[in-house]
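A short write-up of the structure that comes next.
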Amino acid sequence: MPLGDNQRVNKKAMKLQSISSRCTRLLPGALLALAACKGPPPPAPAAAPVAVAAAQRKTMPELLDAVGTVEAINSVAVKSLVDGQLLESRVKDGDAVEVGQLLFKIDPRPAQAALAQAQAALAKDEAARDLAKAQVDRYRPIAAKGYISADQMQQTLTTWEAALASVKVDQANVASAKLTLSYTDIHAPLAGRVGRILVQPGNLVKANDVNALLVINQLAPIFVSFAVPGAYVERVRTAQTKGSLNVRAQGDALKTAQDGELAFVDNAIDPATNTVKLRARFANAEEALWPGQFVNISLTLGSDANAVVVPEAAVKAGPNGSYVFVVKQDQRAELRPVTPERTVADETMISKGLDGGEAVIIDGHSRVVDGGPVKVVDASAAPAK
């Protein structure tokens, strides 16, 4: 290679070395400037305040809810059995009555006169019977000796037997007259509560009139009728074989819930509504249930022992199904998919997803994210959802 070429190569190498030296001096300053432009790292997310409750293991009842109508077990329209004038009313509108209590008095004088007439006829025929008996006793010995004919003796016996029959007829008439007289006092056929008095004293009443004097409803015990879907018939009948089924009645008009038991399941499903009618019996000692009243009914079909139960507020619905937020030991939330079985009295039974004992979030869900930090606060102080 010529000498001139070597000089040119050396000059290029020296130039590249000079550029590299300057870049090396500038690099630390550029890195420092870049670091100054990035700024401080973002702060960690704040812990979301939440209220929690423990997932418990307890017995969870299986309930069937319906709307029921209260019905009187017995309802009697009280009517007169005799014609006459109504003299007295011994009850007032809405009174409670006992069995056999006197309700009304009808003028007894016509019945008393009929009784006296029947008694007089009885006395007359009893005298005729005694006379016929005396004749039979007198003629029987002489008939045996042949002093009177057999035909005459037979006539005497026939007269006596006819007198006996007449006395029996009169006795029946006297009993009938006494019964009619007893109908002038009208007594309560059952214990219950009367409605409005429909006929006032002074009016004439007729036997078995269309209009009743009053209506008595039996209130204790009492029925509540309700209907459930026909698909539950077999479940209800199976539960009945294990014992009596508890039925609870609740409503805005009831101060406290009333407990009774299932008394009747209809023998057919109504094809128009696909429901079957049921009836529950309640003691109703305090008359809390009233005929015609609507109440909410809960029929207990059974129960699941040792079930995992959480407050209903803990279970939320998401795009992939139901879930709960579980607060872990490190105070972070974990989104846990669950399978809810049923909800009773603001508590939900979980069949899959929880083992019991976990702390689940019941309030403050809107600020909770899966894996995010949380701060447990008192339920009464937790923020609204």
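Okay, here's what the table says:
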{"item": "Scope region 326-342; condition more than 40 Å from the chain's Cα centre (by Cα) and either touching a residue at least 12 places away in the same chain (Cβ under 8 Å) or assigned to a strand (DSSP E or B) (or both); matching residues", "result": "Q331, R332, A333, E334"}
{"item": "Number of positions in region 264-298 that are farther than 16 Å from A249 by Cβ and of a type in the set (S, T, N, Q)", "result": "4"}
{"item": "Selection status of P383, surrounded by fewer than 16 Cβ atoms within 10 Å (Cβ to Cβ), over 26 Å from D65 (Cα atoms) and at pLDDT 95 or above", "result": "no"}
{"item": "Any chance I186 is hydrophobic (A, V, I, L, M, F, W, C) and part of a helix (DSSP H, G or I)", "result": "no"}
{"item": "Close pairs (7 angstrom Cβ cut-off, 6 or more residues apart or separate chains): touching a residue at least 24 places away in the same chain (Cβ under 8 Å) in region 57-85, aromatic (F, W, Y) and in a strand (DSSP E or B) anywhere", "result": "A66/F226; V67/F226; V67/F294; G68/F226; T69/F294; E71/F223; I73/F223"}
{"item": "Residue in region 138-151 that is modelled with the lowest pLDDT, counting only those that are surrounded by 11 or more Cβ atoms within 10 Å (Cβ to Cβ) and under 29 Å from V169 (Cβ atoms)", "result": "A143"}
{"item": "Residue in region 278-288 that is farther than 30 Å from I361 by Cα and touching a helix residue (DSSP H, G or I) at 6+ places or on another chain (Cβ under 9 Å) present", "result": "yes"}
{"item": "Strands (runs of 3 or more DSSP E) enclosed by region 229-310 - at least 3 residues per element that are in contact (Cβ under 8 Å) with a residue 60 or more places away in the chain and surrounded by 15 or more Cβ atoms within 10 Å (Cβ to Cβ)", "result": "275-282"}
{"item": "Residue check for V224: modelled with pLDDT of 95 or more and over 30 Å from V78 (Cβ atoms)", "result": "no"}
{"item": "Odd one out for R332, checked against (1) more than 25 Å from V368 (Cα to Cα); (2) modelled with pLDDT under 95", "result": "(1)"}
{"item": "Selection status of A239, under 15 Å from L63 (Cβ atoms) and modelled with pLDDT under 95", "result": "yes"}
{"item": "Qualifying residues in region 162-178 (those that are among the aliphatic types (A, V, I, L, M) and surrounded by 17 or more Cβ atoms within 10 Å (Cβ to Cβ)) - the one farthest from L81 (Cα to Cα)", "result": "A163"}
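So that you can scan it fast, the table gives a plain yes or no per residue for (1) assigned by TED's automatic domain parsing to the domain that holds V315; (2) modelled with pLDDT under 95:
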| residue | (1), (2) |
| --- | --- |
| V9 | no, yes |
| L27 | no, yes |
| A33 | no, yes |
| Q56 | yes, yes |
| Q85 | no, no |
| S89 | no, no |
| D93 | no, no |
| E98 | no, no |
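To keep it simple, each residue is scored yes or no on (1) farther than 18 Å from V344 by Cβ; (2) within 10 Å of the chain's Cα centre (by Cα); (3) modelled with pLDDT of 95 or more; (4) small (G, A, S).
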residue	(1), (2), (3), (4)
A249	no, yes, yes, yes
K255	yes, no, no, no
A263	yes, no, yes, yes
D266	yes, no, yes, no
K277	yes, no, yes, no
S303	no, no, no, yes
P319	yes, no, no, no
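One line per residue, one yes/no per condition, for (1) hydrophobic (A, V, I, L, M, F, W, C); (2) crowded, with 16+ Cβ neighbours inside 10 Å; (3) closer than 27 Å to G251 by Cα:
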{"position": "V67", "(1), (2), (3)": "yes, no, yes"}
{"position": "S80", "(1), (2), (3)": "no, yes, no"}
{"position": "G84", "(1), (2), (3)": "no, yes, no"}
{"position": "V91", "(1), (2), (3)": "yes, yes, no"}
{"position": "E98", "(1), (2), (3)": "no, no, no"}
{"position": "L102", "(1), (2), (3)": "yes, no, no"}
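The values are calculated or read from the model by the stated rules, or taken from the named source; none is laboratory data. Since the model is a prediction, treat every value here as computed from it, not as a measurement. Don't worry about glycine lacking a Cβ; one is built from the backbone with ideal geometry, like all the others, and counts go over all protein chains shown.
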